[in-house]
Amino acid sequence: MAGLVLLNLPIELILRILHELDLPSLVRCRQICTLLRDKIDGDVVLQYKIELVTHGMEDSPQNALTVSDRLQRLQRHTEAWRSIRCTSSDEVHMGGRVGMMALEMRGGVLAHLLSSNTGDRKIGMTFTQLPSELRGIPHRTWNLTDLGTDVTYCTMDPSQDLLVLVGPLRSRENDSEYTLHLRKLSSGETHPEALLERLQYLTSIGDDWTHRVRVTVFGDYLGLLVGNEYRRQYEVVIWEWKTGLVVLNIEFSSECDFAFVSPRQILILSVRPSQPHPDGTDTPKRLALTAVDFKTAPCMRYKFEDVQFTCEFEYPPLATSGSIWKLSLSSDPPPGWTPPSDPQAKVPFHKGRYERLLVVSIRYFTGTQDSDDPISHFIPLVAIRPLLEDSVSSVGRRIPWEEWGPRQTRMCLVEPGVNILGGSDFWVYAMSHVFLIQKSAETRTIVIWNFDQLAVRKEYGKSIGKEGGMNATPSFNFSSAAIQYGVFREPVNTSLPFQRWELDFQESRVNRTLVPFLSEDSVILMDGGVDKYRVLNF
């Protein structure tokens with residue numbers, strides 16, 4: 001009856017109602033009758049809305065393009081990625097050799113540190129804004145030639161014009177000190193929104209060459225991970241970078257990593273040791289993702305064992321033989337991130353702010369040798385976000401592996417032929433990650449896995465019946481992945497589907513080590529041994 005009332009309304013009112021509906025409701029309305037189907041299929045605003053949601057995109061309301069133009073660009077953009085057909089290819093010279101540790105890419109901006117004349121200090125930076133013809137982003141480069149300080153690490157947030165420079169570790173009487181400089185990305189000047197020009201952090205974990213450093217920006221918050229990989233000592237500190245206030249400081253006695261997942265929560269990846277059980281047995285040692293609300297945590301430094309967490313995502317029990325020696329947790333850009341709000345920009349759309357893939361990398365020691373095949377675990381944020389939100393007001397909630405892992409995530413070994421280089425074996429952006437395979441002496445393959453489930457289902461439906469079937473580009477993987485041995489006590493099976501895209505290219509330099517980076521519009525192939533990189537724009 002309600003459907004008949006709707007159909008009796010004027011067409012203009014029907015369209016206004018349809019414009020307010022979400023994607024599932026539009027799909028249901030489309031199935032009611034030919035009138036609604038034709039109106040939905042023939043309305044450019046509704047088609048643009050459907051395409052945005054299907055491919056995990058958001059509209060940029062400040063853009064001046066018509067909806068019809070935005071729809072055409074979005075369709076061309078998604079088709080370019082679907083067919084792995086780049087719109088242009090550029091080779092960019094950096095003006096000097098750099099190592100992989102001197103590189104950083106965030107928000108479509110690639111940065112590298114410039115060395116002093118002696119090569120032992122990093123005192124300047126070069127930035128490249130990667131172009132996109134379809135999203136109206138121009139190619140742009142700029143230099144900061146005198147930063148006024150030596151730099152060992154950096155990160156940035158183009159949406160806030162923020163550049164964070166980490167100075168070298170300075171030894172003090174009983175501890176060591178890191179200094180973080182807060183600058184404008186565009187000019188290198190002190191950031192005007194920062195109350196303090198620099199943030200200083202004292203650590204007692206030693207000052208030898210085995211230090212690990214990672215910095216992450218999330219809106220008003222800045223997170224720092226420092227660690228001594230030889231001693232297995234790590235510390236995490238989070239500031240409100242605009243005020244300089246410390247909101248969280250934790251010490252760890254084992255390998256760990258962290259990532260922001262909401263405006264008030266971080267996920268900490270670590271190994272939970274076995275604990276005595278009331279029945280006299282010991283609980284098994286487990287890998288875990290622990291959610292901590294840093295807005296309610298005490299500001300003093302305290303041990304991870306004493307952390308009051310909101311919820312914890314448990315992994316299967318670890319094997320008693322061997323041990324984990326390297327963990328990493330990455331997601332780019334952070335959840336909630338959007339491009340700069342520039343009225344002059346012509347960016348019509350961008351990846352949805354919560355379309356994010358968390359990637360866990362596990363390297364383990366079996367007792368005889370280090371693992372040659374690191375384990376990767378791909379976790380869509382949408383799979384755990386409802387549980388995170390439900391647990392904000394709770395304390396100590398533990399979520400067993402069976403409730404979150406087997407069907408909503410994918411865990412697998414690194415594919416044969418992947419060239420592992422330090423911690424840069426993968427690069428993730430939004431819901432995709434990229435890696436390189438060496439098929440032969442002169443043939444490399446760029447491989448991209450896309451875990452956006454709406455896009456996977458839509459593209460799989462479009463591929464059925466086409467010439468080439470499942471061998472067409474892209475291919476799809478709906479099978480289960482099994483970890484049969486190594487780090488876990490029992491076999492682990494997961495089954496999250498994904499799209500797989502491949503692009504072959506020739507490389508005559510046999511011993512050349514390339515590392516792929518991924519952005520919203522480009523694949524970047526970087527060689528740390530030379531002064532140039534190749535950009536494939538989509």
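Just so you know, all these numbers are worked out from the coordinates, no wet-lab data involved. Keep in mind that what you see is a predicted model, and the values were worked out from it rather than measured. Here Cβ is always computed from backbone atoms with ideal geometry, including for glycine, and neighbour counts include all displayed protein chains.
Side notes on the structure shown:
- Whether region 294-340 is rounded, prolate or oblate, judged on the alpha carbon gyration tensor where a/c under 1.5 counts as rounded: oblate
- Gained length - Arg353 relative to Arg140, 0.36 nm times residue gap less alpha-carbon distance: 74.2 nm
- Residue-span extension gain [Ser186 to Leu23] - 0.36 nm each, minus C-alpha spacing: 54.8 nm
- Residues Arg398 and Ser204, FRET efficiency given R0 of 30 Å [Cβ-Cβ distance, rounded to 0.05]: 0.45
- Here the spin labels are modelled as points 7 Å beyond Cα on the Cα-Cβ line, and at Lys458 and Arg489 they lie 4.4 nm apart.
- R0 of 56 Å, Cβ-Cβ distance Leu15-His93: FRET efficiency to nearest 0.05: 0.60
- Region 231-305: C-alpha gyration tensor shape, a/c 1.5 cut-off, then a/b vs b/c: prolate
- Between Asp161 and Glu305, the simple label model (points 7 Å from Cα in the Cβ direction) yields a spacing of 4.8 nm.
- Nitroxide proxy distance, nm - points 7 Å out along Cα→Cβ at Lys439 and Gln62: 4.3
- The calculated FRET efficiency for the pair Ser274 and Gln75, based on their C-beta separation and a Förster distance of 35 Å, comes to about 0.05.
- Fully extending the segment from Asp504 to Arg407 would add 31.8 nm, taking 0.36 nm per residue of separation and subtracting the current Cα-Cα distance.
- Taking all Cα pairs closer than 8 Å and separated by 6 or more residues, the relative contact order of region 131-195 comes to 23 percent.
- Cα shape, region 142-267, gyration tensor, a/c 1.5 rule: oblate
- For region 132-187, with +1 on Lys and Arg beta carbons and -1 on Asp and Glu, the positive-most of Gly167, Thr155, Trp142 along the dipole: Trp142
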